[in-house]
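Here, each number is a calculation from the coordinates, and none is a lab measurement. Predicted model, so just to flag it, every value in this text is computed and none were measured. Backbone-built Cβ (ideal geometry, glycine too); neighbour counts: all protein chains shown.
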Amino acid sequence: MQARYGARPTLLGARTPRVEDDRLLAGRGRYIADVALPGMVEAAFVRSDVPHARVRGVDATAARESPGVRAVFAGSDLDLRAVPDRMPWVRPVQHFPLARDRVRYVGCPLAVVVADDRYLAEDAAELVEADLELLPTVGTAEDALSADAPLLYPEWGDNLLLSVEGDGGEVEAAFEQLRTVSGTFTTRRHTAAPLEGRGVVAEFRDDRLTVWTSTQAAFVVRAMLSAVLGLPERDIRVITPDVGGGFGQKNEIYPEEYLVPWLAMRLRRPVRWIEDRHEHLIAATHARDTSIELSAAVRDDGTIAALRGRVRTDLGSGEIFPAGYGPSLVAVGSLCGPYRIPHQAISVQGVVTNKTPTGGYRGFGGPEGTFAIERLVDKIGRELGIDPLDLRRRMILAPHDLPYETAAGARLESGTHREAFERAVQLGERMLTEERENAGPGAALGVGYATYVEGVASTTFSITGTWSSQDSADVRFDADGGVTVAVGISAMGQGAHTTVATLVAEALAIPMEQVRVVMGDTDTAPFGLGSWASRSTLVAGGAIARAAEVLRRKGTDIAAHLLEASPDDLELVEGRFRVRGSPGSAVSWSQVAQSALNRTFELPPGVEPGLEARATYEPPGLDHVPRPDGKMNAAASYTNATHAAVVRVDTATGVVEVVRYAVVHDCGRVINPLTVTGQIHGGVAQGIGGALHEQLPYEDGQPLATTFTEYVLPSAREIPPMIVEELGGPAPETPFGVKGAGEAGIIGPPAAIAGAVEDALAPLGVTGIDTTPLTPSVLRGLIEEARS
Amino acid sequence: MKPPPFDYVRPGTAAEAVALLAADEDARPLAGGQSLLPMMNFRLARPSTLVDIGRLPELTELHRDGDVLVIGAAARQRAVETSPLVAQTCPLLPAVLRHVGHHQIRARGTIGGSLAHADPAAELCAAASALDAEVVAASPTAQRTVDTAALLLAPYQTTLHPDEIITETRWPILPRARHGFAEISHRSGDFALAGTAAVVEFDGAEVARARLAGLGIAGTVRRLPDAEQVLLNRALTAESITEAAEAAAASVDPPEDVHADPATRRAALRAATRRALEQMRHD
């Protein structure tokens, strides 16, 4: 399905400026806060300021009297259903958009005030009195699992939302025979922090609900609204306006997304809620907060015969859909990396605590798992006296190993694992040498690497119990030869419009300018699951390729009839069907479209009027549930990359600066190098944030980072110059040969930066960096410990 | 994050401003708004009325008065940072101002506003402390001069009365002094973990007078007398700088917060003191 429709140059791989940029960069985007409806009123939430309590009552009397207030509701006022729990293999979490009998985290919505504007709503929200009976707080996952821990859900008998045992006889045998190297590797709690927070606007008119929401998955929101509100899906329209960053956090479905529509229905008025940053940091999902205990059974040459361990994630209260254990499962799959590790047995614990629920965040378990295995490989090298790069060379997959099934069950059909690694090492060593030449004596410089494979276009069945992995495209010609394509994927700033336009133009041999892209509206888009798991190009591409194939065939038949030629003699070149060998004899797409849409009497016998096609693509060969042996091939394809980071550590203060960075990446065929590089730049920047700066600490259940004063995001000045190189070519296993690039940047930084810091501090004897973020306090402590 | 209701007044003169403040004890002066407005949005500050002094011409002047540089309280930080007069007469100020937030913040933030806000990590407070700068505070009935040490009371608290505003700030011009400033921050443009402003006057090769102010290490910006003592009556050398940095670190007991533990702030002060002093080495 590559550019073989004629002789013109392909659009694939061209550095095409993004079609959405004129609008978005000039401030002409239309985000959720730009949606204004006549008569609209605004909502403000009353949120719990205690981590754990029984709700005895909510008194809104004074709030209802406050100026401009339309209504105040508490949990007991709501006539809607609990958020459905469709995963029989985990503990059921019955949660409602407003707490009914118990609050389990600071930030949990307790009541909502609707007023003429947000100022008045917040004035009234201050007057709502919640009568809360405090309960003991569960602060950490470790506390949650102690024998005398208070229970968040007493009916469970413990605080484990999910518990899966890993087993394998081969693993046990390996550990009996071989030397063991172990460690515990922790990625602390942080969050996606998109530039645009969440927001919902809803209107109920003529018995139909329209919901604008800043989400990555409009159809999933629609289905969940249907279940909670009790409306058929056809009576709900979900519209995604421009989204200022999603990062998986907006792939979660939040209490406010059910409640604002309910308010619009109840009050018969458009209602708007726009999240502020303080709410965002306590009520939008957090992420990571995962500790991985990992042991390797190691042969004499350092190579790993088996992995054994446990991924333990602090899920916060767990009151979110989809719940936050998805990343823990993906972390399991990422632990064996691109290495020939024959066996692994990894158990998973998803633990509930009195914190904000965790959910998806770009990388989705990949950064956590990669951090664990890469740190462990370095430790093996250190303990056995083997250069850790040589050790990786002994294990990393070579071309002749492919196709390869990893110990976790991932089927790697293609990839450049070894090549990417060697190239990144070359770049890393060169960058380090250059920095050393420029630095003064005594500068603590170091280089570190992270290598990984990443599953893309995954199934979501194992974490939603509902949806799998398909997506759709609807390609329609107008009579003037232009095309409108509607897709089920979603845009949140990543360049989806550009990518879709490029693929359609390529597949139909027309200029990109003739393609209009539509997405993010359940009334106009075909059913699809949205954009997550680095899936958009692959799944939308698959659907577009199929729809375009139908249209090309039909177009060829019509053109052949108009030209009085045989369809077999036609070729499609630059928007024209022409007779091979006589280029003067040709008709354009617009002539074909006019026949199909207007002058239908010109159509050949048996050809229906109309020139449109809808197609769905379901990636083949996926496991939607684990196989009997517990393994799972959960993704349509697997990208690979190696990252190299060069850091400078201020040994006096513990401040780390990432001074250079390189990513050697293989996402199959690159549709547009500009968007792929942009995705990687953004991912690395976020990864640096998580590795060095960002964290969401709690004390006695109280969040300590509740504004951007305490939550330290990296700024442009913390982001170094980057080298991004793409390897590989069209992947044989996917449409257009593409894989995915959305998450590639964020997976490497924690492991690469920790490795680089350890390298920089090796002269001081600092080893065993096993926790991120590496804040000045953490590093200064490690340095002091090594010195004493 | 919306403020509760408040009134807004923009008086035409400083006298009018203080009269308005005196008439309503819940009224607050508004200068650049870079700290007060976020506090209002969090409902931590609930003024009845904002008295906007940010555009009073008499408060934005900048001139030399003998051996003192006079900067109006409402002069914007960015204007001071880029002023040739300031660069010439008080070079510590532009050196320090470069570290105050980002230039967008400095375009709004004022000199007097930063001193009156008394953030324990404020660079401007450190410069004022190291230079022994003074502020002129006016009320409806009186005008008084307050030196920096007497101004800063506790985190976000000064000795200003509710009906007083800072009208001008007075910075000694020390043509023969050398200055240095360094701060250690987790992220550029952020409040520092710790920092040091240093003003040193020499008698020949020896240090005759040393004034060091530390930020981020206590409830207020404060001087570092132990470190100052170490430097006196000897040349400024690698050795004396190391001793001063150690003395500075040993003399503070920083609070713990979400950004750093006390030991890290102490280490940051040690490094900042060393780097500030290194900037003025002769050799």
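Tell me the angle of helix B:262-278 to the major Cα principal axis of chain B, expressed in degrees between 0 and 90 and rounded to the nearest ten. Long axis of B:262-278 versus the principal axis of chain B: about 70 degrees.
Dipole magnitude for chain B: computed about the Cα centre from +1 point charges on Lys and Arg Cβ and -1 point charges on Asp and Glu Cβ, it is near 720 debye. You can think of it this way: the chain between A:Leu384 and A:Glu142 has 84.0 nm of extra reach, that is 0.36 nm per residue less the Cα-Cα gap. Count Lys and Arg as plus one, Asp and Glu as minus one, and take only other residues whose Cβ is under 13 Å from that of A:Gly166; the net charge is then -2. Between B:Ile173 and B:Val68, B:Leu69, the built amide H atoms are under 5 Å apart, and every one of these is 5 or more places off in sequence or on another chain. Label separation (B:Thr145 vs B:Ala263): 4.6 nm, computed from points 7 Å beyond Cα along the C-beta direction. The residues neighbouring A:Leu503, those whose beta-carbon lies less than 12 Å from its own, together hold a net charge of +1 under the Lys/Arg +1, Asp/Glu -1 convention. Computed from backbone phi, the HN-Hα couplings of the range A:451-465 come to 10, 7, 10, 10, x, 10, 6, 7, 6, 10, 5, 6, 10, 10, x Hz, rounded to whole numbers (Karplus: 6.51 cos²θ - 1.76 cosθ + 1.60, θ = phi - 60°; Gly and Pro given as x).
Over all directions, the projected convex hull of the C-alpha atoms in chain A averages 36.2 nm² in area. Angle of helix B:238-250 to the longest C-alpha principal axis of chain B, folded into 0 to 90 degrees and rounded to 10: 50°.
Electrostatic bookkeeping for A:Ser317 treats Lys and Arg as +1 and Asp and Glu as -1; over the other residues with beta carbon under 9 Å from its beta carbon, the sum is +1. Helical content of chain A, expressed as a calculated mean residue ellipticity at 222 nm, amounts to -8500 deg cm²/dmol (DSSP H runs of 4 or more residues, -39,500 (n - 2.57) each, divided by residue number, nearest 500).
Restricted to Cα atoms, the range A:546-704 shows a radius of gyration and a Dmax of 27.6, 83 angstrom. Considering the dipole of the range B:7-52 built from charges on the beta carbon (Lys and Arg +1, Asp and Glu -1) around the Cα centre, which of B:Pro47, B:Leu21, B:Val9 is farthest to its positive end? It is B:Pro47.
Return one quarter of the surface area of the convex hull spanned by the alpha-carbon atoms of the range B:7-52, equal to its mean projected area, in nm². With the hull built on Cα positions only, its mean projection is 3.0 nm².
Over chain B, Cα pairs under 8 Å with separation of 6+ residues give a relative contact order of 15 percent. A helix-only calculation puts chain B at -9000 deg cm²/dmol for mean residue ellipticity at 222 nm, using -39500 (n - 2.57) for each DSSP H run of at least four residues, averaged over all residues. State to the nearest 20 debye the size of the charge dipole of the protein assembly as shown about its Cα centre, where the only charges are +1 on K and R beta carbons and -1 on D and E beta carbons. Computed about the Cα centre, the dipole is about 1640 debye.
Can you work out ³J(HN,Hα) from phi for every residue in the range A:55-66, in order, using Karplus 6.51 cos²θ - 1.76 cosθ + 1.60 and θ = phi - 60°, giving whole Hz and x for Gly and Pro? Per-residue couplings from phi come out as 8, 8, x, 10, 9, 10, 4, 5, 5, 5, 7, 5 Hz. Remark: the range B:177-278 is approximated by an ellipsoid whose semi-axes, taken from the C-alpha gyration tensor as √(5λ), come to 24, 12, 11 Å, largest first. Hey, what angle do you get for helix B:14-23 against the long axis of chain B, alpha-carbon based, 0 to 90 degrees rounded to 10? With rounding to tens, the tilt is 70 degrees. Let a ≥ b ≥ c be the square roots of the eigenvalues of the Cα gyration tensor of chain B; is it rounded (a/c under 1.5), or, if not, prolate (a/b larger than b/c) or oblate? Taking the square roots of the gyration eigenvalues as a ≥ b ≥ c, chain B is prolate. Look at where the Cα atoms of the range B:5-58 and of the range A:420-439 average out, and the two centres are 55 Å apart. Between the beta carbons of A:Thr600 and A:Asp22, assuming R0 = 35 Å, the FRET efficiency works out to 0.40 to the nearest 0.05.
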